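Note sheet for the following structure.
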Amino acid sequence: MQARLWQLMVVAIALVMALPMIVAVAALGADSAGVWSHIVEYVLPRVTVNTLLLVVGVAVLSLLLGTIAAWLTSVFDFPGQRWFAWCLMLPLALPGYVTAFALSGVFEYSSPLAGALRFWGISLPGVSAGLASTLCLTLTLYPYVFLLARQAFLSQGRRSLEVAQSLGMRQARGMWRVALPFARPWLVAGVSLVIMETLADFGTVKVFNFDTFTTAIYSAWFGLFSLTAALQMSLCLLVLVVAALWLERRARRLRRYTGVGQKDPQHRLPLTGGRRWLATCFCGGLFVIAFLVPVGQLVVWAIDYVQLEWSARYWSYLRASVSLATFAAVFVALLSVLLGFGRRRAPGRTTDSAVQVSTLGYALPGTVLAVGFFVALSGVQDGLTAIGRALGAGDAFVVTLTGTLWVMLLAYAARFLAVGFSPVGSGFERISPRIDDTAEILGLRGVKRLRQVYLPLLTPGIATALLLVFVDVMKELPITLITRPFGWDTLSVRIFQMTTEGEWQRASIPALTIVLCGLIPVMILQRQKSNSRGATN
Amino acid sequence: MNNRILMLCGVLLVTACGGNQKGTETAAPAVEESAPLVVYSSRAEQLIAPIFAAFTEDTGIEVQYVTDDPQPLIERLKAEGENTPASVLLTVDAGNLWFAADQGVLAGLDSQTLKAVVPSFLRDSQDRWFGLSLRARTIVYDTRVVNPSQLSDYASLADEQWQGKLCLRTSKKVYNQSLVAMLIETLGAAPTETIVEGWINNLATDVFPNDTKLIEAVADGRCAVGIVNTYYLGRLQKQGELPVGLYFPTEADGGVHVNVSGAGVVKNAANPEAAQLLLEWLVGDRGQALFANENLEFPVRSDVTPHPIVDAWGPYSASTVPLENAGIRQAEAVKLMDRAGYR
């Protein structure tokens, strides 16, 4: 009976999160006046190839960089290891398009650097739009893999690795045969986030003018004036994502991942000789190009523009950004725990699909999702008001949804539930069924079990979810633009005001402020991790 | 440890809810009491805030605004229907204004002031939107290698003499879509397609993501000629001299392609009188000077002096084909550019 209720709740959450997709499905029947056939003939072939290359490139590179960096910093001791463990997460605080315009400011033909090099007879190699987009997206997205992989390696890889070594397996083999397979749910979760973010990306590819599925969706809407065709294309994108997720789930259906209980005491393996410095160079190089160079460029621009741009209004932008990010992070973490718990209490196909559906919004281009949400909620609002009138309540019963913070929160949740659910869901997967049995014997059920048994085990996952969603909402733009009530202009809205007029340099001020705010949660997370380690010691 | 996290979550939730209630409480009465005029604008905040401040100073009417891209704003107006808080839609590009009117979110406005000041080719045929400032999209050239006598109209940039020397911005920008739409209107679809194909043949390098990068490329000597909106050059000229010249196609060659930033009154406007007042104020002396000069655009009223940088470019004659054609033919133009391989 209780299981039934939980299932109902999961389905209800999924329905709300799927509102924009319902709007898109409703658009399927509509006629897009020849736009669709034009797109199929002249646009789709090119953008499909481009999108595939981009997604594969970004996914593979992020997986490589993220996993190697996570492996090095969680298993080995080398100069700077403690420091890299957290600062390699920092690029997460940079919106992709900001990294893109900062890096192109450094390396493009008309930049001071390129000019100086030309003076010395060196010309920088021309980088194609596709390669530039791939690199920039990788540099901003690899932290998802890094963060989740580190969690996996820290919580399980090392102990199993010690067992493997005691059985005579060499270190490198140990990584391939033991740690990586064990870390698979985390790596998959990380790469899925990277892929979905890449599919939904518009800002970065726009900076380099690289044509992808997303740019085609926008040009159908903005250029050909067909929101219908745009929604139809978004739906195609979703079908691809669902297919990929389904394949992955099928591939690991028969496997089970459960934790081994307590955390390990801390002793990393020392690296010797040249390998020490190789590890330092790898991590250092990644940090420099993904964080220091773009931020350095922003600082250089900011010095020129700070007088013109900085004003007392920044405090209100800052307050709006931080409050929205905080509300959204808490809301998404809450929903993630409910979904995860619901899936555990009421396992089955219905719950599974509902959970899948609620996390799909992440792969939709932001503006499409935002408008879908806005249209759907306006419909709900009109419907409720009409029902109120029909029941004789007259104008006394006017439901106001649009233009309130609640709508913003719901839309943020629809977009970022995937981000929050990844760490929380992986956390649930790692809780052994034996713990459930024990809890059952002890008579802990329902909310009590959630609070006393699951939550303590889920703490790292929940903390990760809070951090990721907080940083993502700080960077988010399209949903914030369309749903914000008056006076809720955020830092990213300020970036939009600048970049929409091509004033990229001036946008460095709000961009830097976002980065600085993003550092705070990253540091909190790091502190919390070292505290909990201290406690087990 | 875990209790701390739970407590933190609790505190955040409480503040979240508290914040929400406070937000709605303060927002609701504010709207009813002083009833500020609400504007949906795709023109960026830094360009409109000083203008609205001046309007409030002159009229006492307070202005609230929401900024976003034009299409989301239009969808928002459609979804809000009768309940929209907005009274004015302010946006750039005739294509967007035409689309807003076509989607039925703008109301016709019977204002003698506006009709007297805004030439008919710069406003909707049913007076649902009015151009407020002009944005000339014209030819820039490298003054070190090009003699202005080599230049004539947009079509001539497809000539063989510009092989490997022309630079263009991406076709995804609405300014280029409007330019090609107007070419289709004046020259016909087939000749326009030949011209666009010629442009693509002549490209010096891949298309640029924005006009500023294009002008920098001309200054670097990577392109000899290009097509840009003049105010982007103006902004760069504010920072220093460039070896970049402006060429305006003459009246005999069809004139300069101009676009507008403009506005219309929303169909279900909460405050139509104040909305009309704002539009009329914007074509007044103070409004015109501020609205156009803030962004180095040309005032829609020819008797208002533009910014000194703009004034220095000298006079030009604009093409007088009605601008709403930019909207009517925009989808056709986008398809044509797709076919011609113009990215």
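Okay, here's what the table says:
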quantity: Candidate set from segment B:139-166 (those that are surrounded by fewer than 20 Cβ atoms within 10 Å (Cβ to Cβ) and hydroxyl-bearing (Ser, Thr, Tyr)); member that is nearest to B:SER317 (Cα to Cα); calculated: B:SER152
quantity: Where B:ARG222 falls short, out of the listed (1) farther than 19 Å from B:ARG128 by Cβ; (2) at pLDDT 95 or above; calculated: (2)
quantity: Looking only at segment B:80-100, and only at residues there that are crowded, with 18+ Cβ neighbours inside 10 Å and over 16 Å from the mean Cα position of the chain (by Cα), the one that is modelled with the lowest pLDDT; calculated: B:GLU80
quantity: Residue under evaluation A:LEU468, criteria (1) farther than 30 Å from A:TYR314 by Cβ; (2) crowded, with 22+ Cβ neighbours inside 10 Å, criterion not met; calculated: (1)
quantity: Per-region count, segment A:300-335, residues under 23 Å from the mean Cα position of the chain (by Cα) and touching a residue at least 40 places away in the same chain (Cβ under 8 Å); calculated: 16
quantity: Selected residue (criterion: nearest to A:SER62 (Cα to Cα)) from residues of segment A:278-299 that are among the hydrophobic types (A, V, I, L, M, F, W, C) and free of Cβ contacts under 8 Å to residues at least 60 places away in the same chain; calculated: A:VAL288
quantity: Tally of residues being assigned to a loop (DSSP other than H, G, I, E, B) and buried (at least 17 other Cβ atoms within 10 Å of the Cβ) across segment B:322-341; calculated: 4
quantity: Single match in A:THR138, A:THR99, A:THR73 (criterion: part of a helix (DSSP H, G or I), modelled with pLDDT of 90 or more and closer than 21 Å to A:VAL178 by Cβ); calculated: A:THR73
quantity: A:ALA24 vs. criteria of a type outside the set (Ser, Thr, Tyr) and under 29 Å from A:GLY223 (Cα atoms); calculated: yes
quantity: Qualifying positions in segment A:484-537 - in a helix (DSSP H, G or I), within 10 Å of chain B (Cβ to nearest Cβ) and either crowded, with 18+ Cβ neighbours inside 10 Å or modelled with pLDDT of 85 or more (or both); calculated: A:VAL493, A:ARG494, A:PHE496, A:GLN497, A:MET498, A:THR499
quantity: Residue among B:PHE99, B:PHE121 that is in contact with a helix residue (DSSP H, G or I) (Cβ under 7 Å, 6 or more places away or on another chain) and part of a helix (DSSP H, G or I); calculated: B:PHE99
quantity: Residue list for segment B:200-215, filter: within 13 Å of another protein chain (Cβ to nearest Cβ), touching a Phe, Trp or Tyr at 6+ places or on another chain (Cβ under 8 Å) and part of a helix (DSSP H, G or I); calculated: B:ASP211, B:THR212, B:LEU214, B:ILE215
quantity: Any hit, segment A:397-419, residues being farther than 23 Å from B:ILE74 by Cα and of a type in the set (Ser, Thr, Tyr); calculated: no
quantity: In segment B:167-199, residue nearest to the other protein chains (Cβ to nearest Cβ) [restricted to those that are β-branched (Val, Ile, Thr) and crowded, with 18+ Cβ neighbours inside 10 Å]; calculated: B:THR170
quantity: Residue tally, condition modelled with pLDDT under 80, out of contact with any Gly (no Cβ under 8 Å at 6 or more places or on another chain) and not aliphatic (A, V, I, L, M), over segment A:141-180; calculated: 13
quantity: Only listed residue being touching a Pro at 6+ places or on another chain (Cβ under 7 Å) and either at the interface with chain B (Cβ under 8 Å from one of its Cβ atoms) or not β-branched (Val, Ile, Thr) (or both), chosen from A:ALA418, A:ALA414; calculated: A:ALA414
quantity: Test for B:GLN64: is it of a type outside the set (Ser, Thr, Tyr), without any contact (Cβ under 8 Å) to a residue 60 or more places away in the chain and in a strand (DSSP E or B); calculated: yes
quantity: Failed item in (1) under 26 Å from B:ARG144 (Cβ atoms); (2) in contact with a helix residue (DSSP H, G or I) (Cβ under 8 Å, 6 or more places away or on another chain), with B:GLN239 passing the rest; calculated: (2)
quantity: Matching option when the condition is exposed (fewer than 15 other Cβ atoms within 10 Å of the Cβ) and assigned to a helix (DSSP H, G or I), among A:VAL16, A:VAL49; calculated: A:VAL49
quantity: Test: residue in segment A:103-122 that is assigned to a helix (DSSP H, G or I) and crowded, with 24+ Cβ neighbours inside 10 Å; calculated: no
quantity: Test: A:VAL453 is touching a Leu at 6+ places or on another chain (Cβ under 8 Å) and either at the interface with chain B (Cβ under 9 Å from one of its Cβ atoms) or within 21 Å of A:THR214 (Cβ to Cβ) (or both); calculated: no
quantity: Enumeration of residues in segment B:222-242 that are in contact with a strand residue (DSSP E or B) (Cβ under 6 Å, 6 or more places away or on another chain), within 13 Å of another protein chain (Cβ to nearest Cβ) and either hydrophobic (A, V, I, L, M, F, W, C) or closer than 19 Å to A:ALA114 by Cβ (or both); calculated: B:CYS223, B:VAL228
quantity: Where B:GLU160 falls short, out of the listed (1) closer than 24 Å to A:GLU503 by Cα; (2) of a type in the set (D, E, K, R); (3) more than 12 Å from chain A (Cβ to nearest Cβ); calculated: (1)
quantity: Those residues of segment A:188-211 which are of a type outside the set (Asp, Glu) and either within 14 Å of another protein chain (Cβ to nearest Cβ) or more than 17 Å from the chain's Cα centre (by Cα) (or both), in sequence order; calculated: A:PHE202, A:GLY203, A:THR204, A:VAL205, A:LYS206, A:VAL207, A:PHE208, A:ASN209, A:PHE210
quantity: Qualifying position, being within 30 Å of A:ARG506 (Cβ to Cβ), touching a residue at least 40 places away in the same chain (Cβ under 8 Å) and either part of a strand (DSSP E or B) or touching a helix residue (DSSP H, G or I) at 6+ places or on another chain (Cβ under 7 Å) (or both), among B:LEU77, B:LEU89; calculated: B:LEU89
quantity: A:THR459 vs. criteria within 11 Å of chain B (Cβ to nearest Cβ), among the hydroxyl-bearing types (Ser, Thr, Tyr), farther than 16 Å from A:ALA414 by Cα and within 22 Å of the chain's Cα centre (by Cα); calculated: yes
quantity: Every residue from segment A:466-483 that is within 11 Å of chain B (Cβ to nearest Cβ), of a type in the set (A, V, I, L, M) and part of a helix (DSSP H, G or I); calculated: A:LEU466, A:ILE479, A:LEU481, A:ILE482
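Quick grid of which residues meet (1) aromatic (Phe, Trp, Tyr); (2) surrounded by 18 or more Cβ atoms within 10 Å (Cβ to Cβ):
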{"position": "A:ARG415", "(1), (2)": "no, yes"}
{"position": "A:GLY420", "(1), (2)": "no, yes"}
{"position": "A:PHE428", "(1), (2)": "yes, yes"}
{"position": "A:ARG449", "(1), (2)": "no, yes"}
{"position": "A:PRO456", "(1), (2)": "no, no"}
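The values are calculated or read from the model by the stated rules, or taken from the named source; none is laboratory data. In this text, all values refer to a predicted model and were calculated from it rather than measured experimentally. Virtual Cβ from ideal backbone geometry, glycine too; neighbours counted across all protein chains shown.
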